[in-house]
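These notes concern the structure reproduced below.
Every number in this text was worked out from the coordinates using simple rules, so none of it is lab data. Here the structure is a predicted model, which means the values were calculated and not measured. Cβ sites come from the backbone with ideal geometry, for glycine too, and all protein chains shown count toward neighbours.
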Amino acid sequence: MPLFQRHQTPKLPLHTLPAKQPIGWMLLVLLSGSIGYWWIGYEIDRTQSKTLILVYGSLFLVYGLVATRSWDAAQTRWWMGIAVLLRLVFLFSTPVLSDDFFRFVWDGRLLVAGVNPYLYLPSNLLHSPIFLSANLNTTLYEGLNSPNYFTVYPPLNQLFFGTAAWIGGDNVQLSVVVMRVIILMAEVGNCWLLSSPQNLGIQPSAKRKINGLTYALNPLVIVELTGNLHFEAVTLFFVLLALRWLNRPWFKGSYLTASAMALGLGASVKLLPLIFLPLLVRRIGWQKGIIYGGVVGATMVGLFLPFLSKSLFTNVGASLDLYFQKFEFNASVYYLLREVGYWITGYNLIQSLGPILSLITLGMVSWLAFQKRSLAEKMLLSLTVYFFLATTVHPWYITTLVALGAVTRHWYPVIWSLMLPLTYVAYTSSPYHENLRVVGLEYILVFGLFAYEVLLKGIDWETN
């Protein structure tokens, strides 16, 4: 035996070694993202479509390099932290790509003043005593994009608006910051829920694994939700929470009541989650499904109670009716049918096409409910059908689809999110004018990849 024996560090099994963090990649994403998002949040106007598309394209290029790589669980958590930091870039910015926040502040100030925002058209308040008592002003009014429509934002959203107005007072910018903090908190929850399949009660699949980074780092998601102040982020949080509690067992049962309450809260921010009810009823059975739907309804009714009046449903219904029969932007199937209508009748058939396409959507969702597919897959396809047949598809609408695509490992929502910034070309002129060639290019790519992934490549049968 030698007198001096060289000490050798024992080798650890590979699975026990700490994950090496991709510092270089992270610095690249942080630097490029901070510059790009600062530019969009503080320097660019939506009329500057060429510059906007160039910055968006650069952000998507870096995003694609990261999102298409394989990262382990520890690295994914680091990336989720990076995603949250990038959202903080927008914290003190004023939305320039969307003017919806003016209505948020308007409704919030009415609420703080004790006025029911569902009862009054902004145009009718302009010269009324409420205009002064509610701390409204002409600058706020001139920023509204729909002064002749009743508000359609559900009660929990109104609570957020009221909180922001109460804290912000006369300062619109402070109200914007408060609303953005609410959205940021929801986005932190979304990143956590999407960070692993266990968070959603979904069993990992050897064929397809959840890649939450396709949502968390997506430039469209970051800009449209945190930057442009859209509450789809909060709705998504409650939808993902409902999915988690539906799948995660409690002893021998499940969190059905908590799941239903979460879905009701999500629908009390945006009504869209109600589209998932037929799928959920079919998933858990008719008896439990009726109870589930009842809890969703009771949650929404409870939140609507402070606003109940004879005019509430009439006014909200009138605005929703106008939405489906008058508004049109970035549509696909509807635009094709509209052209056929022009050719046959000589005028726009939106008043008939809007309700008909809505009924077709309802029928398709009901049909999907009985298909032998995973719940997450059916949720993705239901929402896809809804947007394919919609008369209006704004960029932020697709963010929920991107999240469901991450859950089911489909890429066509990501490609759709890549194409949607092109819709800002419409705002180069005033009033805005859509370039139908751009819209056509967008949907050729989206429909093509959708057909390949869903119809040719097949669906994910392994996701619960």
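Computed on region 235-287, with alpha-carbon pairs under 8 angstrom and 6+ residues apart, the relative contact order is 35 percent.
3J(HN,Hα) couplings calculated from phi for region 163-175 with the Karplus curve 6.51 cos²θ - 1.76 cosθ + 1.60 (θ = phi - 60°) are, in sequence order, 4, 5, 5, 5, 6, x, x, 6, 8, 4, 4, 5, 4 Hz; Gly and Pro show x. For the chain, the longest principal axis of the alpha carbon atoms and the long axis of helix 101-112 meet at an angle near 70°.
Sequence-ordered 3J(HN,Hα) estimates for region 281-298 from the Karplus curve with 6.51, -1.76 and 1.60 and θ = phi - 60° stand at 4, 5, 5, 9, x, 5, 5, 5, x, 5, 5, 4, x, x, 5, 4, x, 5 Hz, glycine and proline given as x.
Stretched out straight at 0.36 nm per residue, the stretch from L322 to V340 would grow longer than its current Cα-Cα span by 4.3 nm. Based on the Kirkwood approach, the hydrodynamic radius assigned to region 63-133 is 16.2 Å, with every pair of different Cα atoms included. Coupling constants for region 181-189 follow from the phi torsions by the Karplus curve (6.51 cos²θ - 1.76 cosθ + 1.60, θ = phi - 60°), and in residue order they are 4, 4, 5, 4, 4, 5, 5, 4, x Hz; glycine and proline get x.
For region 171-323, rounded, prolate or oblate, judged on the Cα gyration tensor with a ≥ b ≥ c (square roots of eigenvalues), a/c < 1.5 rounded, else prolate if a/b > b/c? Taking the square roots of the gyration eigenvalues as a ≥ b ≥ c, region 171-323 is oblate.
Less than 11 Å from a label point 7 Å out along the Cα-to-Cβ axis of N137: which backbone N atoms in region 167-193 qualify, by residue? 170-173, by backbone N distance to the label point.
Close amide H pairs (under 5 Å, H built 1.01 Å from N) link F329 with T392, V393, residues at least 5 positions away or on another chain. So what is the relative contact order for region 70-169, in percent, with contacts set as C-alpha pairs under 8 Å and at least six apart? Taking the mean separation of contacting Cα pairs over the length of region 70-169, I get 37 percent.
I'd like the trypsin sites (Lys or Arg not before Pro) in region 315-382 restricted to DSSP loop residues with at most 12 other Cβ atoms within 10 Å, sorted by number.
Working: sites: K326, R338, K372, R373, K378; in loops: K372, R373.
Filter output for region 315-382: K372.
Listed from fewest to most Cβ neighbours within 10 Å, the set S358, S417, S93 follows the order S358, S93, S417.
With a cut-off of 20 Å on the backbone N, the residues of region 296-340 near the modelled label site 7 Å out from Q371 along Cα-Cβ are 332-334. Put in line by how crowded their Cβ is, counting other Cβ atoms within 10 Å and starting with the fewest, K457, K310, K288 read K310, K457, K288.
Each of [x] 182; [y] 193; [z] 205 is a candidate for volume of the Cα convex hull per residue in Å³; the one calculated from this structure is [y].
With one equal scatterer per alpha carbon and no solvent term, the Debye-computed log10 I(q)/I(0) for region 267-362 at 0.13, 0.19, 0.26 1/Å reads -0.66, -1.02, -1.30.
Just want to confirm a number: the relative contact order over the chain, from Cα pairs under 8 angstrom separated by 6+ residues, in percent. All intermediate terms of the calculation are to be shown ahead of the outcome.
Values: 647 pairs, mean separation 76.2, N = 464.
So the answer I get is 16 percent.
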